[in-house]
Amino acid sequence: MRTLFLVCVLGVVTIAGPARADDKPAEGSSSGSLDPSLRGPGSLSDGSSKRRDRMISIFLGLPAVYWGYEGVPFSLGGRYLHPILHDGFVPQLNDSFSLEAGIDLFGLSRRTFGFALSIPLEAMWALHFTPRFAGYLKLGVSFDFRFGDWCWAGRCYGALWFTPDFIGNLGIMYKLTDALVLRVELGYPGLKVGLGFPL
């Protein structure tokens with residue numbers, strides 16, 4: 001888990017550096033203690049009115065919550081993001097509030113295959129640091145339906161069973177082009193990497 005965390009931190013630093021370097025600073029901004037790129041149009045301190053895009057995203061994941069079961073866990077999922085507050089909660093900041101819902105398929109690759117179908121509903125608060133780069137916090141709930149053979153410490157759970165669960169993630173979005181956004185999330189239930197397609 002520690003290695004997974006370090007990989008995610010390195011990924012954020014690697015993406016955030018070029019994101020800030022690519023965005024031009026506002027004209028006439030001086031080089032003070034605050035990075036000029038955070039003061040121009042579309043930066044974190046730009047409190048002007050915005051219009052956010054809806055987005056469909058696909059994710060591949062490593063759900064750390066399932067590492068205790070026998071087998072190698074993986075996930076494949078999709079999300080639909082719908083902006084609720086385009087200008088967020090803080091008038092002085094470039095933030096936004098959205099709802100995101102979708103579906104995830106979790107699986108264990110082993111001799112006897114077990115899988116779960118999860119339906120998450122998440123609230124997202126995002127800070128838009130530059131026109132290309134944003135960080136966000138997501139909290140929500142998921143409804144999980146588990147099928148097949150799930151084994152823990154030699155004891156197996158079969159058939160269908162249902163469990164609600166709370167979920168939470170920290171994430172980043174980096175706009176590769178106007179039509180493609182790189183997304184990375186780390187939290188519960190694990191690590192996800194995906195691509196977003198603004199609508």
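The values are calculated or read from the model by the stated rules, or taken from the named source; none is laboratory data. What you are looking at is a predicted structure, and each value in this text was computed from that prediction instead of being measured. Heads up, the Cβs are rebuilt from the backbone with ideal geometry, glycines too, and the neighbour counts pull from every protein chain shown.
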Checklist entry - Tell me, which residue of the range 38-87 that is buried (at least 18 other Cβ atoms within 10 Å of the Cβ), charged (D, E, K, R) and more than 17 Å from the chain's Cα centre (by Cα) is modelled with the lowest pLDDT? => result Asp46
Item to check | Pair list, Cβ under 7 Å, 6 or more apart: the range 178-196 residue farther than 17 Å from Ala64 by Cβ, other residue among the polar types (S, T, N, Q) and assigned to a strand (DSSP E or B) | outcome: Arg183/Ser57; Leu195/Ser57; Gly196/Ser57
Checklist outcome for this item: Taking the range 169-187 and the residues there that are over 14 Å from Ser57 (Cα atoms) and within 11 Å of the chain's Cα centre (by Cα), the one that is surrounded by the fewest Cβ atoms within 10 Å (Cβ to Cβ) would be Leu170
Checklist entry - What's the number of the condition Leu34 fails, among (1) within 22 Å of Glu185 (Cα to Cα); (2) at pLDDT below 60; (3) assigned to a loop (DSSP other than H, G, I, E, B)? => result (1)
Next on the checklist: Return the pair list, or none, for Cβ contacts closer than 7 Å from residues in the range 101-115 that are within 15 Å of Gly190 (Cα to Cα) to residues that are in a loop (DSSP other than H, G, I, E, B) and at pLDDT 80 or above, at least 6 apart or on different chains.
Outcome noted: Phe106/Pro63
Next on the checklist: One residue is enough: does the range 97-107 have a residue meeting the conditions outside any strand (DSSP E or B) and either touching a Lys or Arg at 6+ places or on another chain (Cβ under 9 Å) or modelled with pLDDT under 95 (or both)?
Outcome noted: no
